[in-house]
Amino acid sequence: MSDPKSESIESVLAENRSFHPPKSFAEAARIGTRETYERMWSQSIDDPERFWGRIACELPWLEPFDEVLDWSDAPVAKWFGGGKINASHVCLDQHLETERADKVALIFEGEPMGDGGPEIRTFTYAELHGEVCRFANVLKARGIGKGDRVAIYMPMIPEAAMAMLACARIGAIHSVVFGGFSATSLEDRILDGGCKAVITADGGWRRGTVLPLKPAVDEAIAKCEATEGGSPVETVLCVQRCGNEVDWTEGRDFWLHDELMEVSDECEPEPMDSEDVLFLLYTSGSTGKPKGIVHTTGGYMVGAYLSTRFVFDLQEDDVYWCTADIGWITGHTYIVYGPLANGATMVMYEGAPNAPHEGRFWEICERHKVSVFYTAPTAIRAFMKWGDEHVERYDLSSLRLLGTVGEPINPAAWIWYRDKVGGGRCPIVDTWWQTETGGIMITPLPGVSATKPGSATQPFFGVDAAIVDENGRELPDGQGGLLAIRKPWPSMLRGIWGDEARFRETYWSKWEHAGKPHFYFPGDGARKDPEGNFWIMGRVDDVLNVSGHRLSTMEIESALVSHPSVVEAAVVPRPDDLTGEAIVAFVIPTGSVEDVQAIVEELRDHVATEIGKLARPAEIRITTRLPKTRSGKIMRRLLRAIAAGDDVTQDTTTLEDPTILDELRAGGPA
Ligand code: WT7
């Protein structure tokens, strides 16, 4: 196996291997010729309204739309105005009148490997429809209705997808909170969204043990109650998954299985305005407080439908598996809404990739004959490390297409994925997008694109992406700059929940001074090669990407300073072979430190309790000072270099106290 360590950013810049789709793949693909692709692409850019208007008509509208795009209130777009649609109707009901009614929609594989093998549950479209209708009726019976916000804090079990679809069915707005987030993070999101209900489970399975969830919900609600406005939560619906013991608040908490016995399986989908909110999903920005990204119904569904169809070249008999958690946007768009809108068969897995053994993913691929597989670079790097033998043991001949998402993929991991998992025959789609974009934005089309390891290649239909400078001027090929999106697209975010000013400031103000107020700023640096392929170089703001999970430096810093032993903290990323980036924190303690190891451990745990385990710093360095400019700004670039063990080549003349460098390098007071 090649060593990911031997790769540097230079090797990515010099990467020029290029792989064309196999002829047989192209011949059977939905888009299999350059001509088709180019014709569609130019239509989508030259006349986006005509293009999207035509695509949107492939979805079952409850009432037709009368205007494709209204950008007059930019940067808040209105797509498919006048139209009525319901996301759960798109995902389920439309298939019931076809032979897809009895097609398997969802194959679930549970985590603990009992003696009889894993728990496997399957649902046809008709069955899933029935489950969702009943779930929706439970919500209604508990007084939840159109426009109400519902937090979903669940393990990766079918009920999680059903909960989302049930909310969508009655017009309630779901706000899924990743099950790995702490009670405090859940509390913040419940309060910010004003959630009237929480859907959770007693626990989920992880590596053969129970990971309790209900206690965090209880704690989060208790914390909400202690705030000035009190808790907005009236109802907690709990799925019994693991049978672990849980505390119960009478009148507030209800078991889903009890409630389901009381309701019918008929529930008409609520006709939603195209621009009614479908969901909120919180993500980290460069300031401390996570933002509730707002997605609406019509445009989001059109984007999810089309991108899933073409990027994954979905065919009727595909078995599609996206390994993300539904707590992230990937899980929303490419586990739930996109695949189901296309009538696909999808796989859902509850557990870890290496439990009970390192071949678990491939065992699942073999068992269910997965044909399209979508995962994160960090997982691929872990598999490389665990060894080829775990992959080689399984028959992966059903696979025909592979995808990656979440962070830049290093060429060695890409090649390994192609050779070892894809047997050298499966195209790889490296998809760039964000929580805010709702769907894939830059990506190969598997039947036509010549792919290059490390490049997300080219913009998807309707996406006007460019590499620009600080003034929004397009840069020549090869030159690194800022990624900008210059036209609205259907699945774009419509706002930040409750904070319009921040929405405008974060995404639309970057090039305002240059007269370009409607260029969207994603926060990524990138460059384009002479063939028009985009190479994403990573964030240019204070956002970290750890194993494809997005975290804010400031959020982690505030978690650190909320500990009584910390005066000040600065957090920076350090390149990591496995996780892409690792979190390094420089911390000034309140007093003298007796036992460095003990305080470091305590602080790491503290961050895990405040935010979640995913934010636990890989390294904490205790220091007496932080490098600051004379105006008092922390010099993060300098800390980055120190954390990476690089020579400090930057200009340090603005540094208030140059002697500090030696102390920081030494990793402790000099
Ligand atoms: C950020 C968005 C998109 C769903 C998962 C993450 C980085 C995402 C790629 C890729 C290089 C990527 C970007 C982006 N990113 N995909 N294929 N190549 N970088 O969604 O949590 O909203 O994070 O992830 O930096 O801005 P997210």
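The values are calculated or read from the model by the stated rules, or taken from the named source; none is laboratory data. Quick caveat, the model's predicted, so the values are computed rather than measured. Every residue, glycine as well, gets a Cβ built from its backbone with ideal geometry; the counts of neighbours run over all protein chains shown. Surface areas here come from the heavy atoms of the whole protein model, side chains and all, with no ligands, DNA or RNA. Shrake-Rupley method; radii C 1.70, N 1.55, O 1.52, S 1.80 Å.
Side notes on the structure shown:
- None of R252, R241, R207 is surrounded by fewer than 18 Cβ atoms within 10 Å (Cβ to Cβ) and either touching a helix residue (DSSP H, G or I) at 6+ places or on another chain (Cβ under 7 Å) or at pLDDT 95 or above (or both) except R252.
Condition check ((1) modelled with pLDDT of 95 or more; (2) under 19 Å from E268 (Cβ atoms); (3) hydroxyl-bearing (S, T, Y)) across all residues:
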residue	(1), (2), (3)
E111	no, no, no
L128	yes, yes, no
V138	yes, yes, no
P155	yes, no, no
E159	yes, no, no
S182	yes, no, yes
I190	yes, no, no
A222	yes, no, no
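- Residue within the stretch 536-547 that is touching a residue at least 24 places away in the same chain (Cβ under 8 Å), open to solvent by 50 Å² or more (accessible area, probe 1.4 Å), out of contact with any helix residue (DSSP H, G or I) (no Cβ under 6 Å at 6 or more places or on another chain) and among the polar types (S, T, N, Q) present: no
- In summary, H129 fulfils each of the numbered conditions (1) surrounded by fewer than 20 Cβ atoms within 10 Å (Cβ to Cβ); (2) assigned to a helix (DSSP H, G or I); (3) free of Cβ contacts under 8 Å to residues at least 40 places away in the same chain with the single exception of condition (1).
- Only one of the numbered conditions (1) in contact with a Ser or Thr (Cβ under 9 Å, 6 or more places away or on another chain); (2) farther than 17 Å from E407 by Cα; (3) away from the ligand (no atom under 12 Å from the Cβ) is violated by D542, and that is (2).
- Top-ranked residue in the stretch 441-464 [being within 21 Å of the chain's Cα centre (by Cα) and closer than 15 Å to M40 by Cβ; ranked as farthest from the ligand (Cβ to nearest atom)]: F461
- Verdict on T378 being free of Cβ contacts under 8 Å to residues at least 40 places away in the same chain and within 13 Å of the ligand (Cβ to nearest atom): no
- Leading residue by the ranking (least open to solvent (accessible area, probe 1.4 Å)) among those in the stretch 479-520 that are assigned to a helix (DSSP H, G or I) and charged (D, E, K, R): R502
- Of the set (1) open to solvent by less than 60 Å² (accessible area, probe 1.4 Å); (2) among the hydrophobic types (A, V, I, L, M, F, W, C); (3) farther than 27 Å from M348 by Cβ, all apply to A226 but (1).
- Identity of the residue in the stretch 382-397, charged (D, E, K, R) and in a loop (DSSP other than H, G, I, E, B), that ends up most open to solvent (accessible area, probe 1.4 Å): R393
- Breaking point among (1) at pLDDT below 95; (2) away from the ligand (no atom under 16 Å from the Cβ); (3) surrounded by 15 or more Cβ atoms within 10 Å (Cβ to Cβ), for G288: (3)
- Scanning the stretch 409-438 for residues that are within 15 Å of the ligand (Cβ to nearest atom) and among the acidic types (D, E) turns up D430, E436.
- Number of the condition not met by Y374 [criteria: (1) open to solvent by less than 10 Å² (accessible area, probe 1.4 Å); (2) more than 18 Å from the chain's Cα centre (by Cα)]: (2)
- Verdict on T283 being within 16 Å of the ligand (Cβ to nearest atom), more than 30 Å from E27 (Cβ to Cβ), open to solvent by 30 Å² or more (accessible area, probe 1.4 Å) and of a type in the set (V, I, T): no
- Test for W497: is it within 12 Å of the ligand (Cβ to nearest atom), under 24 Å from V277 (Cα atoms) and of a type in the set (A, V, I, L, M, F, W, C): no
- Total residues in the stretch 351-360, condition open to solvent by less than 10 Å² (accessible area, probe 1.4 Å) and modelled with pLDDT of 95 or more: 2
- For the stretch 315-337, a residue qualifies if it is more than 11 Å from the ligand (Cβ to nearest atom), out of contact with any His (no Cβ under 9 Å at 6 or more places or on another chain) and open to solvent by 10 Å² or more (accessible area, probe 1.4 Å), and the qualifying residues are Q315, E316, D317, T323.
- When residues in the stretch 71-99 are screened for being within 30 Å of F521 (Cβ to Cβ), open to solvent by 40 Å² or more (accessible area, probe 1.4 Å) and not in a loop (DSSP other than H, G, I, E, B), 1 of them pass.
- Residue count for the stretch 352-375 under the criterion of being assigned to a loop (DSSP other than H, G, I, E, B) and either closer than 18 Å to F108 by Cα or within 16 Å of the ligand (Cβ to nearest atom) (or both): the result is 9.
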